[in-house]
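Peer 1: Below is a structure I'd like to ask you about.
The values are calculated or read from the model by the stated rules, or taken from the named source; none is laboratory data. All of these numbers come straight from a predicted model, not from anything done at the bench. Glycine gets a Cβ as well: all are built from the backbone with ideal geometry, and neighbour counts include every protein chain shown. Ligands, DNA and RNA are stripped out before the accessible areas are found, and what is left, the full protein with its side chains, is counted by its heavy atoms. Shrake-Rupley method; radii C 1.70, N 1.55, O 1.52, S 1.80 Å.
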Amino acid sequence: MIASMTGYGKAVLELPEKKVTIEVRSLNSKTLDLNTRIPSFYREKELEVRNIISEKIQRGKVDFMMMVELNPAARTQKLNAELIKSYIADFKKITPDVTEADLLPVVMRMPDVMNYSQDDLSTEEWNAIRETILEAVNALNTYRQDEGKVLEKELISYVEKILHNLTLVEPFEGERIETIKDRFNKKLEDAKADIDQNRYEQELIYFFEKLDITEEKVRLKNNCEYFIKEIHEAGSNGKKLGFISQEIGREINTLGSKSNHSEMQKIVVQMKDELEKIKEQSLNIL
């Protein structure tokens, strides 16, 4: 079963002193492109967080966010006296007539006038957060698998349309040969030239061999069936499916160049349209 590279996972941990929210988002990417946003208090654990994500998520542009809401009881507030004095001194330079008592309410709203401190990170707390991270990552992977089921149905329908269009080519194969023969014969009649009939037949056979699409039809059918087979295989391999779609495109292009028939070319255009849908969706497969 295939999986999408697009996904979202969230998990929330309620601790006595704080609420920790973990969110993980992912989009398609050729490799694992990981971006983390972690509060400074937990920054020492960033490498471990990256290792957890790398083990669970193969590819994709991944955004990891950890948000923490502290309860009032969890933090100790201290006035930054030196900074407050500095603010007041600066304001006094601008408005010397205003008293410090009048300036104080304004200064208390300035940045960093209050210092907040917490206890050191305990092993028990980090273990709980680690489990919450795993929960969010697992939710992301579940989301990816659900998206993969939708992708699987769409891709199979596109490939089946290509196979169906391939069967529509067959009625025109014999017709185009007769059309080409008639066109050549008419040109010879118009030219009123004497020709070696045996040599003429040999040249026609050589020309029609170059237009033969039997091998292309067989390879295109095999590649389409191989694509569907790989979709149903265990695991998800978007890169491999991308390579197979390139082979499908190569055979479709050869069919188009050899068709030499307006109706066949229309069918080839329809195949190319379905192939473009496959390529677009394949970019989002894990």
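Peer 1: Cross-link list 10/277; 56/279; 153/277: which exceed 23 angstrom alpha carbon to alpha carbon?
Peer 2: Values: 10/277 31 Å; 56/279 26 Å; 153/277 13 Å.
The answer is 10/277; 56/279.
Peer 1: Amide H to amide H, which residues 5 or more places from residue 60 or on other chains are under 5 Å from it, using H placed in the peptide plane?
Peer 2: The answer is 29, 31, 32, 33.
Peer 1: Once both labels are modelled 7 Å past Cα along the beta-carbon direction, what's the residue 37-residue 109 spacing in nm?
Peer 2: 2.6 nm
Peer 1: Of 5, 110, which has the most accessible area and how do the rest follow, probe 1.4 Å? Walk me through the intermediate numbers first.
Peer 2: Numbers: 5 0, 110 60 Å².
The residues order as 110, 5, largest area first.
Peer 1: Working with all protein chains in place, sort 43, 59 by solvent-accessible area computed with a 1.4 Å probe, largest first. Don't skip to the end; give the middle numbers.
Peer 2: On the way: 43 105, 59 35 Å².
Ranked list, largest accessible area first: 43, 59.
Peer 1: Once you order the gyration tensor axes a ≥ b ≥ c over the Cα atoms, which shape class does the range 97-156 get: rounded for a/c under 1.5, otherwise prolate or oblate by comparing a/b with b/c?
Peer 2: Values: a/c = 10.99, a/b = 2.35, b/c = 4.68.
Because a/c hits 1.5 or more and a/b fails to exceed b/c, the range 97-156 counts as oblate.
Peer 1: Collect residues whose amide H, placed 1.01 Å from N in the peptide plane, falls under 5 Å from the amide H of residue 4; neighbours closer than 5 in sequence don't count.
Peer 2: Amide H to amide H, under 5 Å and 5 or more residues apart or across chains, residue 4 pairs with 145, 147, 148, 286.
Peer 1: Take the alpha carbon gyration tensor of the range 1-137, find the square roots of its eigenvalues, order them as a ≥ b ≥ c, and report rounded if a/c is under 1.5; if not, report prolate when a/b exceeds b/c, else oblate. Spell out each step's value before the answer.
Peer 2: Values: a/c = 3.68, a/b = 2.31, b/c = 1.59.
Verdict is prolate for the range 1-137.
Peer 1: Something else now. Using a 1.4 angstrom probe with every protein chain in place, what is the largest-first accessible-area order of 226, 158, 42? Intermediate values should be presented prior to the final figure.
Peer 2: Details: 226 90, 158 35, 42 5 Å².
Result, largest first: 226, 158, 42.
Peer 1: Compute the FRET efficiency between residue 10 and residue 239 as 1/(1 + (r/R0)^6), taking r as their Cβ-Cβ distance and R0 = 22 Å, and round to the nearest 0.05.
Peer 2: On the way: r = 29 Å, r/R0 = 1.30.
The computed FRET efficiency comes out at 0.15.
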